[in-house]
Amino acid sequence: MESIHWIQLSLFVGLLLLLTHPFGWYLHRVLETKAKTIFSPVVGGCEKLLFKVLGPGAEKEQSWKQYGISLAFFSLAGMLLTYFILRLQHILPLNPQNLAAVDPALAFNTAASFATNTNWQSYAGESTLSYFSQMVGLTFHNFVSAAAGIAVAAALVRGVVRKSALTIGNFWNDLIRVTLHLLLPLSFLLALIFMSQGVIQNFQADTAVTCLETKAGQARSQSIPQGPVASQEAIKMLGTNGGGFFNANSAHPYENPTPLSNFFQLLAILLIPSALTRYLGLMAGNKKHGWAVWSAMAVLFLASLLVCWRAESLGNKRLPTAGVSRTGNMEGKEVRFGVFNSALFATVTTAASCGAVNSMHDSFTPLGGLMPLLNIQLGEVVFGGVGSGLYGMLVFVILAVFIAGLMVGRTPEYLGKKIESADIKLCAFYILISAILILGPAAWAAVSRWGTAGIGNDGPHGLSEILYAFSSAAGNNGSAFAGYTAISTMANIVLGLAMLAGRFMLIVPVLALAGNLAGKKAIPAGSGSFPVHGLTFIALLIGTILIVGLLTFFPPLSLGPVVEHFIMTGSGKLF
């Protein structure tokens, strides 16, 4: 844990904090006004055309049910489109490798994965999917699934701040505005930055090269994949998607060639989730509240990073007894990134709902691997995915306010709205269904042939692999321990269903909560109102998140990474 890494961490957090203010203001302008933006001269024509095609319904305010139905039909249509593209890629253009059609179960899994912003990959992209499948089938969802998540977050925030209202916005308007004025231009700029660092962008067939190594006196050749990588890489990060063009994802030198490209990828993952807290403060007319939510996220993020970083820096304590120097755990990590940037990337990608990885989490130490797993199980609210992080965090905010009200013996209030039993039931449903969707399928997989067939290790580490896989799927994260492979039809189907349920069964109570809150009358704050800013609120919010998450997942975690840690050290001590 060297000083240069502390400087890099300070630079990363400081720059993220600095960018949160202007990007939060820009999000507010995009979502809550019809005003032109800096990118309107470029995308304005496309925006007008889309609104014209969709008709008046694209701008008319919607109830929470209408908003949810629009989202569901759009997502289903996009999923079906991607499924058929994958099944028909062998006869579609931009297939220089002459790749065959994707297996039906894998096509379903992949279509469900990208439609839900999970981007779990049960395949090697460079050898399974054509350029057309990557660019049209997958990258399309990278944009619209991210925009849909931001739209749901905006709908919930509107529900919080509107008074005696029957509507929470319009899904089509939010989808179009976010895609055209935010995600497309930022992705274009970021793709140019990546290309300057060496990320490839072409339509060439695989390149055959002669290796220096020979076999039986004969020169050996190797096929190096090519493709339009930079364009997908940009939205993969900005949309907290995580689906890599290559199987090795951001550990591949064509996706993430330099420490500078790695830094920009990390910043891009948290940029929009962080800015949404500023958007919350602006909408609520309480900027301090937005920064308090940001602070709670930052504290949880730094705590997770420090545990993961320290565990990976210490490595395996048993190595010196075997005569091996212990200089940190470099197994499964790229030399160009090292321990710190690998731990930072793992923490960022699981704190956000992003499946990108620049190292193999399966090779982390038990405690190092525990933190990314716990980040997902906490609901990925530690900044979280684009949109999903904010609306998940607001569920915990309402619970924290409710607990504060119980402690002082008065009806809880949140930003002028009384929190009643219906609101708490929706929040409880959100949290319970999230836990059920993770633990239920994971338990089934742990005792089934189709589930255990994909693990790479026995014992507690094998349990961690299964638990991580289903946490990642139901949590719409998409990263994996890499030791677990969904090699069976059943595994692909169950994981795909977990992704769909983890996305849409959680969006329903969020939208219902938005509609319920929007219909309430606002009441003026009194002397007994609990302030939703300051250290007390931040501490209560963090405590609520940790208690709910740790109590729910402590039993399986104790049987997986915690037991593995004690087995590895044999000391009975955490550090």
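Would you check if Arg310 is within 21 Å of Tyr414 (Cα to Cα) and either surrounded by fewer than 20 Cβ atoms within 10 Å (Cβ to Cβ) or touching a residue at least 12 places away in the same chain (Cβ under 8 Å) (or both)? It is false that Arg310 is within 21 Å of Tyr414 (Cα to Cα) and either surrounded by fewer than 20 Cβ atoms within 10 Å (Cβ to Cβ) or touching a residue at least 12 places away in the same chain (Cβ under 8 Å) (or both).
Taken over the stretch 161-218, residues that are of a type outside the set (A, V, I, L, M) and farther than 30 Å from Tyr414 by Cα amount to 22. Put simply, of Ser113, Ser130 the only residue that is out of contact with any helix residue (DSSP H, G or I) (no Cβ under 8 Å at 6 or more places or on another chain) and surrounded by 24 or more Cβ atoms within 10 Å (Cβ to Cβ) is Ser130. Scanning the stretch 222-232 turns up one or more residues that are without any contact (Cβ under 8 Å) to a residue 24 or more places away in the chain, closer than 26 Å to Gly355 by Cα and aliphatic (A, V, I, L, M). Within the stretch 37-65, the set of residues being closer than 19 Å to Ala154 by Cα and either hydrophobic (A, V, I, L, M, F, W, C) or touching a helix residue (DSSP H, G or I) at 6+ places or on another chain (Cβ under 8 Å) (or both) comprises Thr37, Gly57, Ala58, Glu59, Gln62, Ser63, Trp64, Lys65.
Within the stretch 275-288, is there a residue that is under 26 Å from Gln232 (Cβ atoms), assigned to a helix (DSSP H, G or I) and modelled with pLDDT of 95 or more?
yes
Which residue is surrounded by the most Cβ atoms within 10 Å (Cβ to Cβ), if the candidates are limited to the stretch 450-466 and must be in a helix (DSSP H, G or I) and in contact (Cβ under 8 Å) with a residue 60 or more places away in the chain?
The selected residue is Ser464.
Residues in the stretch 216-274 that are over 18 Å from the mean Cα position of the chain (by Cα), under 24 Å from Ser113 (Cα atoms) and in a helix (DSSP H, G or I): Val229, Ala230, Ser231. Among residues of the stretch 200-221 that are in contact (Cβ under 8 Å) with a residue 60 or more places away in the chain and within 20 Å of Tyr131 (Cβ to Cβ), those with a Cβ under 7 angstrom from a residue that is surrounded by 11 or more Cβ atoms within 10 Å (Cβ to Cβ) and of a type in the set (S, T, N, Q), sequence gap 6+ or separate chain, pair up as Gln204/Gln226; Ala205/Gln97; Ala205/Gln226; Asp206/Gln97; Asp206/Ser223; Asp206/Gln226. Regarding Ala514, is this residue touching a Pro at 6+ places or on another chain (Cβ under 6 Å) and in a helix (DSSP H, G or I)? No.
Close contacts from the stretch 503-526, counting a first residue that is farther than 12 Å from Leu156 by Cβ and in contact (Cβ under 8 Å) with a residue 40 or more places away in the chain and a second that is hydrophobic (A, V, I, L, M, F, W, C) and part of a helix (DSSP H, G or I), with Cβ to Cβ under 6 Å and a gap of 6+ residues or different chains, come to Met505/Ile433.
When the stretch 467-493 is filtered for residues that are surrounded by fewer than 24 Cβ atoms within 10 Å (Cβ to Cβ), closer than 15 Å to Phe364 by Cβ and not aliphatic (A, V, I, L, M), only Gly483 remains.
One line per residue, one yes/no per condition, for (1) in contact with a Cys (Cβ under 6 Å, 6 or more places away or on another chain); (2) of a type in the set (Ser, Thr, Tyr); (3) surrounded by fewer than 24 Cβ atoms within 10 Å (Cβ to Cβ):
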{"residue": "Val161", "(1), (2), (3)": "no, no, yes"}
{"residue": "Glu213", "(1), (2), (3)": "no, no, yes"}
{"residue": "Ser223", "(1), (2), (3)": "no, yes, yes"}
{"residue": "Ala234", "(1), (2), (3)": "no, no, no"}
{"residue": "Met237", "(1), (2), (3)": "no, no, no"}
{"residue": "Gly243", "(1), (2), (3)": "no, no, no"}
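Of all residues in the stretch 37-59, none satisfies being of a type in the set (Lys, Arg) and either surrounded by 12 or more Cβ atoms within 10 Å (Cβ to Cβ) or within 22 Å of the chain's Cα centre (by Cα) (or both).
The values are calculated or read from the model by the stated rules, or taken from the named source; none is laboratory data. The model shown is predicted, which means the values in this text are computed figures rather than measured ones. As a convention, Cβ positions derive from the backbone with ideal geometry for all residues, glycine included, and neighbour counts pool all protein chains shown.
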